[in-house]
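Worksheet: one structure, shown below.
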Amino acid sequence: MTTTANDNDAILRAEDLTKEVEFEGASLTILRDVDISIARGEAVAIVGESGSGKTTLLGLLAGLDVPTRGRVWLDGDEISAFNEDERAQVRARAVGFVFQTFQLIDSLTALENVMLPAELRGERTAREDAIRYLERVGLDQRLKHYPRQLSGGEQQRVAIARAFCSEPLVLFADEPTGNLDTKTGHHIADLLFELNHENQTTLVLVTHDRSLAERCQSSTELAAGAVIA
Amino acid sequence: MNLRLILNFILSDWRSGELHLLLIALAIAVGTVSSITLTVDRLQKAMTKEASVFLGADRSINSRKAIPDAFVQEAVNRGITTSSVVAFNSMVLSSSDNTKSHLASVKAVEGNYPLRGKLRVAEEPFGATTETTEIPKPGEIWMNSRLLYILDVELGDEVEVGYATLTLTGIIESEPDRGFSMLDLSPRVLMRAEDIEATQVIQPGSQIDYRLLLVGDDATFRGLYQALEADLEGYRWRNVKDSDARIGRALERAESFFLIGGSMAVLLAGVAIALSANRYARRHFDHVGILKTLGARPRAVLWGCLGLLILIGVIGIAVGLFAGATIHFGLVWYLTERVLTNVAEIPPASIAPILTGIVTGFICLFAFALPPFLDLISVSPLHVIRRDFRRAGVSSLITYTCAITGILGLLIWYSGSWSFTLWLLLGIVAVTLIFGTAAIVLLRGGRLLGMQAGSVWRLALSGLQRRNVENTGQIIVFSLVIMLLMILYLVRTSLVEEWQEQLPADTPNHVLFNISAAQRDDVEQFIEKYATEGDLAAFYDGRVVALNGTPVREYQRSRSNVAGPRLSSGRQLTWSDEVPANNEVVDGEWWSPGTEELLVSVERDYALTWGLNIDDILSFRIQGQVLDVRIANLRALEWNENAQFNFFFVFPPRVFADIPSSYRAMIYVPDEHRAELSQLIARNPTMTVIDVDSIIKQVQSVIDRVTMAVEWILILVLTSGALVLLASIQASRDSRIKEHALLRSMGGTKKLILGSLTAEFLLLGLMAGLVAIVGAELSLYLIEKELLEFEYATRPEIWVAGFLLGGGIVASVGYLSTRKLVRLPPVTILRDAG
């Protein structure tokens, strides 16, 4: 177990997290008794080999999924006890994502993609905020471009703008540079950490890239579903 | 790729549900088409068979000249069954009392008469009738009840026809091919052709009607017609449609309806196949990319794709044929067991509809599914490395050429008409262009509105905008489906209403002729007491001889360019104190009852044709007297549309004061009062009665069948329409899965997303409904006016139905088919749901 802050200061905390899935009639444990506590404003890396359970842990911490056993608190709410809709409300208020495969909507322009979370919350200033963040990630000339007209690095920058635009308390990034070449990956990582710093966001970064993990204040290593360091 | 590999792919695709929709679409296309064609084929055969009762055959050759033996020989050589009928008028006498005689309509038939339908006979004069398959033997004669009464003879007595003496062995009340010519108005006598010679009534100059009845199949008749065509001068080749105008029209219009309905079902099924094939192909770009990186050559991929298509085709078509046959047999069972319990069995199906189903399946598959599959071949192996890598793609020219050629081929083959196909296609292209533009405008408008709306609607409208290309397509498809359904429903309603109007439940079933003035009161009382509907009118023969003093022939010559009924021809005239029912005075005034003035009321169109005006003086010759009468008014009336006698000329009663009159009545007598009718006829044996009840019942049964078939076609087309709807919603499923997961990871609640989904489909449906309404109004105008020759009128109900159908169906189908997607946990986004 890695504890980097007092439990009281933690914006994100998990106890005894276990995730089991049914596979061909048998129960398969993909995450076993994980405890974690992350302080407000901290950047934490979750590292491990492929199949070690990193992405599963991220899903549970972000309230995208529920554990088989164990509890998760996010910004004071025990989200593991919440139903899907209650967790959605927490996500809308407090969580942002950056995905490995960018996850932009093909039929929306860069601007519209960034506006989406704010539209979801029914905010009317969505457009101005979105333009501001796209300028911040250096895409002010590409507002009307569709994802297919953007390079991989540009798409990930749009995704980062989208994540920060809703000013989340916690940003979850799942292998954000995994689909990019080294040079672009570096630029994206720089951008992510810069924005994280500017916005005082808590960052949970899943990666198998040791150099990226080293840029975080702390890291948790998983192997075969259990925390080993 | 080898067959095993293809089979493996199909199996894994089947397990993952990838192939379901394509297979279902194909199966439904084949099922719909084969069940429609099977049902139409058999129902049409049944209807034609039923209707052929009116001819007593499938075809007949009629003439006033004897039918040459060569005709009979030609028909027999082709395997056609023939039967000769000779009809003439002759006096019939009682052998025991030669003072008792009457003019009869004699029909001399061969042993196999009638070839279609059955005779109705009675055990005693005016008694209850039953069907029989027998006919008189040579030397015997059957007569109508009235003749037995008039001649005062009984069964077993001898009667004379010309020089022949025949034994009376039966009482005939009706036969299938009873006509309405003057030769058929007298009481019926049925005898054998073998006895004609003995009667010696056939002399040069005698008025004789020769008929050769024929039974066989359509193809053989075409051959026979071609063989005889050159020699048919002076002979009338008649088919069922000629025998009764109502049946002919009903059959022809039903055929048009089946054609429209069937073509639409094919088109809808094609669209469903194209949509599902497209989705299937899109989801397999990775698959093919991987195969290519592993070294599969394009040719191998092509064979693989073709193999896959053919396998899908075989399975889909087999399932479709099975489903089509099941629907068909269910329908036939329903029709014969529940609806038309009293009709003869439905003829067996032919192989043609099965072939239609198979060919339709393959054409649909290759025209609509091949282009997206060909797209797969051009997938670059780079797609595996970079998913956003744009593949070269099959040019849209090839795609559209394939689809259009396929549609054209199918429709031409299906309808057998180039012009119908071209018009239908042009209509669809125009509709697509107009609908597309309308959809884009509506979507844009929606986006602007969405900016001001609450969050569910805002999200729904932005959802609509997000998939604007797909949505334009969906609006076109939905509106086409809704429009087609409304058109079919309305055309069906018009058809059925028109048929029913032609034959209301109390259509007169008896016509009485030769009612004398003395018998008039008796008939009038009978009508009042027992008939639910009736019209009794005086009939006089007369003709116009002069107009304002100018001899009518001279006047006619001055207007030689006029077409229509001649002014100088003999006409039937009547009198009335009141405006006849269903007539309307459109110019001048009706006379006051009991007027002593010599006046006439003229039918408006006839007056217009011949330039007759109010106050013109017409001179009539009526039974040897010439009367000058002044035109008092013009009347408008609908010929043939009401159950009553109609006249060009109607006079005040005073005009006929000195002329002996004869009356006719047209009445509806319910079955329970037939005995009273028999008593009326027995009391007044000189009256002639024609029983059209059986004919009307036959017409009604044919119309019931056609109506049934039309309704079933509507249901089948509706199924295809629903499938297209589902296929097009399924086509947007992948992008929706990704989007919902993303929206939910961003904190969208299930309620919000479901609400916005429903709102999105509702809006989509309402837009489609609006477009469909406009399209339906336009198309109905064209179809009803040009194809079915109805009068067009706008229908407010389409406006209600369009929005209800559009909003309701699209919203519920959309909601039901996508609500499962919302249930997928948002964690799928991390597993790359895209």
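Readers should treat all values here as calculations from the given coordinates under stated rules, not as data from a laboratory. No experiment lies behind these values; they were computed from the predicted model shown. Cβ atoms come from the backbone with ideal geometry, glycine included; neighbour counts cover every protein chain shown.
Remarks
- Inter-part distance where the stretch B:754-780 and the stretch A:28-86 are each reduced to a Cα centre, Å: 44 Å
- In this structure, the amide hydrogen of A:I46, modeled 1.01 Å from its nitrogen in the peptide plane, lies closer than 5 angstrom to those of A:L205, A:V206, A:T207, A:T220, counting only residues at least 5 positions away or on a different chain.
- Relative packing of B:474-484, B:220-230, which averages over residues the other C-beta atoms within 10 Å, highest first: B:474-484, B:220-230
- Overall, the anisotropy analysis places the stretch B:510-691 in the prolate class: the square-rooted eigenvalues a ≥ b ≥ c of its C-alpha gyration tensor yield a/c not less than 1.5, with a/b exceeding b/c.
- Packing-based exposure ordering (other Cβ within 10 Å, fewest first) of B:H284, A:H187: A:H187, B:H284
- For B:I202, distant residues with modelled amide H under 5 Å away: none
- Placing +1 on each Lys and Arg Cβ and -1 on each Asp and Glu Cβ, with no other charges, gives the stretch B:57-243 a dipole about its Cα centre of roughly 600 debye.
- Taking chain A as a Gaussian network of alpha-carbon nodes connected by springs under 10 Å, the highest mean-square fluctuation of the residues A:G76, A:G53, A:G41 belongs to A:G76.
- Estimated FRET transfer efficiency (A:D85, B:L11; beta-carbon r; R0 41 Å; 0.05): 0.60
- Value at 222 nm in deg cm²/dmol, rounded to 500, when DSSP H runs of n ≥ 4 in chain A each add -39,500 (n - 2.57): -10500 deg cm²/dmol
- Annotation for B:E589 and B:Q226: the two label points, set 7 Å from Cα along the Cα-Cβ direction, are 6.8 nm apart.
- Proximal aspartates and glutamates relative to B:K118, as straight alpha-carbon distance under 16 Å, when same-chain residues fewer than 8 apart are discounted: B:E50, B:D58, B:E110, B:E131, B:E134, B:E173, B:E175, B:D177, B:E345, B:D691, B:D693
- On the beta carbon distance between B:T99 and B:R520, with R0 = 35 Å, the FRET formula returns roughly 0.80.
- Legend: calculated FRET efficiency, B:T165 to B:D217, from the Cβ-Cβ distance at R0 = 45 Å, rounded to 0.05, equals 0.60.
- Shielding of peptide B:748-754 by partners, expressed as the average count of other chain Cβ atoms within 10 Å per residue Cβ, is 5.
- Each of B:M143, B:S95, B:A66 was placed along the dipole of the stretch B:57-243 (beta-carbon charges, centred on the mean Cα), and the one lying farthest toward the positive end is B:A66.
- Overall, the anisotropy analysis places the stretch B:507-589 in the prolate class: the square-rooted eigenvalues a ≥ b ≥ c of its C-alpha gyration tensor yield a/c not less than 1.5, with a/b exceeding b/c.
- Spin-label pair B:W303/A:E20, simplified geometry with 7 Å Cα→Cβ offset, distance in nm: 5.1 nm
- Listed by Cβ neighbour count within 10 Å, with the fewest neighbours leading, B:K738, B:K529, B:K100 appear as B:K529, B:K100, B:K738.
- Relative exposure of B:E672, A:E221, judged by other C-beta atoms within 10 Å (fewest first): B:E672, A:E221
- Per-residue average of Cβ from other chains inside 10 Å of A:84-97: 5
- 0 to 90° range, to nearest 10: angle between helix A:152-165 axis and chain A longest Cα axis: 80 degrees
- Shielding by partners - mean other protein chain Cβ count within 10 Å, residues of A:111-120: 4
- Out-of-range pairs (alpha-carbon distance over 23 Å; input A:K144/B:K738; A:K144/B:K751; B:K738/B:K820; A:K19/A:K54; B:K65/B:K137; B:K100/B:K529): A:K144/B:K751; B:K65/B:K137; B:K100/B:K529
- Here the peptides B:572-585, A:20-33 are ranked by packing, the mean other Cβ count within 10 Å, and the order with the highest first is B:572-585, A:20-33.
- Residue among B:V545, B:S601, B:A632 farthest towards the positive dipole end of the stretch B:510-691, charges placed on Cβ: B:V545
- Taking the average, over residues, of other Cβ atoms within 10 Å as the packing measure, peptides B:192-199, B:103-110 rank B:103-110, B:192-199 from highest down.
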